[in-house]
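Next up is a structure, given as structure tokens.
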Amino acid sequence: MTTEKIDTLVVGAGQAGVAMSEHLTRNGISHIVLEKDRIAERWRTGRWDSLVANGPAWHDRFPGLDYDDADPESFPSKDRVARYFEQYAAKFEAPIRCGVEVRKAERNVGHPGFTVETSQGTIECENIVAATGAFQIPVMPDLVTAREGLTQMHSIDYRNPGALPEGAVLVVGAGSSGVQIAEELVRAGRRVYLSVGPHDRPPRVYRGRDYCWWLGVLGLWDIPAPRPGTEHVTIAVSGAYGGHTVDFRDLARQGITLVGRTTDCDQGVLTFSGDLAANIAQGDANYLSVLDAADAWAERNGVDLPEEPEARVFGPDPDCVTHPLRSLNLAEAGITTIVWATGYRRDYSWLKVDAFDEDGAPRHQRGVSTEPGVYFLGLPWQSRRGSTFIWGVWHDARHVADQIAIQRSYRDYVGPARSMRQTA
Ligand SMILES: Cc1cc2nc3c(=O)[nH]c(=O)nc-3n(C[C@H](O)[C@H](O)[C@H](O)COP(=O)(O)OP(=O)(O)OC[C@H]3O[C@@H](n4cnc5c(N)ncnc54)[C@H](O)[C@@H]3O)c2cc1C
């Protein structure tokens, strides 16, 4: 089999790979994008049926294309988001090859570049951009031992209420996935327990503007990672049912029993930590901090947006918060399913280069790794808070493409051979 040669290889054609391809094209850098499945596969098959974008159509998009069939204030369905990226890639004829998996990439010895083994042969390239996503492998704690009559799944495998066995459901995790799945289940008539850890919960809309807009004007999408170890922030937002602020008191009023973090399970009895009220209070504080910052911004800039003092009024704490359950017998509660909405981890096992720290985390600066020629895209906090989000990755891709172009200009420089020796 012959070896194909290419300047830059992008691995993965999710939103990151599509954005990367656009910026490489703009820089005139020849490249291909290899995708093991289809463009934006995660949006097609890695999400539950009813999932919509967490941001409105005007925001959750790339600068160069609007959703041509959606109200800008609406929340596009997951399939519409996938189609958007397909349309976007078609717009500039992105050189994407679908159905090709990258199995291994290694630095060449004795000559520049990398040798890449794929499911369809070998490729040699000068640069590799790993755009394989930050949310690759589902994380599911090994807390509850398998038992008859109990189904356990990660949120990546949840599809809809009808696909779960009859009975009550425990949803673990109060980020956007956990709260949206719990709400869908209670609306479908299920008995639901929701295990709530620390989280942020920005207002969906305040003073007539979506939180995506507020985070934009306040510069909060652009903040760099706060401190090492505090990069992971669980954000509870929802675009479901037309979009609404996530308020755990409202979820309790709908019938969901809130519990603290799930810490243990012994012989079918779950233990919850006593942090529920504190987690909700911390989420409230985060919510109020966004309102405060928004008010200060509006006043400072003299922007006339309708005031909304009622947004600061919370309903009473429900009984499940004031008298929280600390343990629960799964069988007695009739729980037949646990949905673990507990996040994901990365997987760069195919990339055999010196660009990772001892924990396997990419060593990089804004996506430019410590191994020359290796770049990352779509990492959490790659350059800013917005880096894993649709609009943010597009800006990170521009920086990475610029860096590749800069390196190429050094590589291609052919000036006169100069000597530092003085001639008499
Ligand atoms: C439930 C959920 C909801 C989200 N909702 C939003 C939202 O509303 N708005 C928003 O802005 N962000 C949202 N995000 C965050 C983020 O936008 C998505 O996770 C998005 O899919 C990340 O895009 P990506 O291109 O970085 O990675 P991915 O979408 O994961 O794409 C990576 C691609 O690489 C391919 N791939 C992986 N390994 C290989 C290999 N070895 N060879 C070839 N191909 C490979 C995969 O098949 C995949 O298509 C959400 C995330 C989750 C988990």
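Give me the percent of DSSP beta bridges within the chain that run antiparallel, rounded to the nearest 5.
For the chain, the DSSP antiparallel bridge percentage is about 45.
Helix-derived [θ] at 222 nm for the chain: sum -39500 (n - 2.57) over DSSP H runs of at least 4, divide by residue count, nearest 500?
About -8000 deg cm²/dmol.
Helix 78-91 against the longest principal axis of the chain: what's the angle in degrees, Cα atoms only, rounded to the nearest 10?
Computed tilt is about 20 degrees.
Over the chain, what is the relative contact order in percent, taking alpha-carbon pairs closer than 8 angstrom and at least six residues apart?
Across the chain, relative contact order equals 21 percent.
Treating the beta-carbon of each Lys and Arg as +1 and of each Asp and Glu as -1, no other charges, what is the dipole magnitude of the chain about its Cα centre, to the nearest 20 debye?
960
Angle between the Cα long axis of helix 276-300 and the longest principal axis of the chain, 0 to 90 degrees, nearest 10?
Here the helix axis deviates by roughly 60 degrees.
Further question: Could you please report the charge total around Ala277, scoring K, R as +1 and D, E as -1 over all other residues with beta-carbon less than 14 angstrom from its beta-carbon?
My count for the surroundings of Ala277 gives -1.
Something else now. Quick one: check the C-alpha center-to-center distance for the range 233-305 versus the range 79-128, whole angstrom.
When both Cα centres are located, 39 Å separates them.
Identify, among Tyr158, Leu51, Asn127, the residue whose Cα sits farthest towards the positive end of the charge dipole of the chain, taking +1 on the Cβ of Lys and Arg and -1 on the Cβ of Asp and Glu, with the dipole about the Cα centre.
Of the candidates, Asn127 comes out farthest on the positive side.
Among Asp60, Asp304, Asp292, which one shows the highest mean-square fluctuation when the chain is modelled as a Gaussian network with alpha-carbon springs under 10 Å?
In the Gaussian network model the winner is Asp304.
If you don't mind, there's one more thing I want to ask. Once the piece of chain linking Arg97 and Ala417 is laid out straight, how much longer is it, given 0.36 nm per residue of separation minus the C-alpha distance between them?
That works out to 111.1 nm of additional length.
Follow-up question, since we're still on this one. Quick one: work out the % antiparallel among DSSP beta bridges in the range 139-340, nearest 5.
35
Taking the chain as a Gaussian network, Cα atoms linked when under 10 Å apart, which of Tyr158, Tyr344, Tyr413 shows the biggest mean-square fluctuation?
Result for the chain, Cα springs under 10 Å: Tyr413 fluctuates most.
Just name one of Leu194, Tyr206, Gly167: the one whose Cα is farthest towards the positive end of the charge dipole of the range 153-247 (beta-carbon charges, Lys/Arg +1, Asp/Glu -1).
After comparing all options, I get Tyr206.
Report the one residue of Ser177, Gln403, Ser21 whose Cα lies farthest in the direction of the positive end of the charge dipole of the chain (charges on C-beta: Lys and Arg +1, Asp and Glu -1; origin at the Cα centre).
Going by the Cα projections, it comes out as Gln403.
Can you tell me the 0 to 90 degree angle between the C-alpha axis of helix 15-26 and the longest principal axis of the chain, rounded to 10?
Value to nearest ten degrees: 30.
With charges only on Cβ, +1 for K and R and -1 for D and E, what is the dipole size of the range 139-340 about its Cα centre, in debye, rounded to 20?
With Lys and Arg at +1 and Asp and Glu at -1, about 260 debye.
While we're on this one: Using unit Cβ charges (K, R positive; D, E negative) and no other charged atoms, how large, in debye to the nearest 20, is the dipole of the range 301-352 about its Cα centre?
For the range 301-352, the charge dipole is close to 660 debye.
No lab work stands behind these numbers, since they all come straight from the coordinates. Given the structure is predicted, the values throughout are model-derived calculations rather than measurements. As a convention, Cβ positions derive from the backbone with ideal geometry for all residues, glycine included, and neighbour counts pool all protein chains shown.
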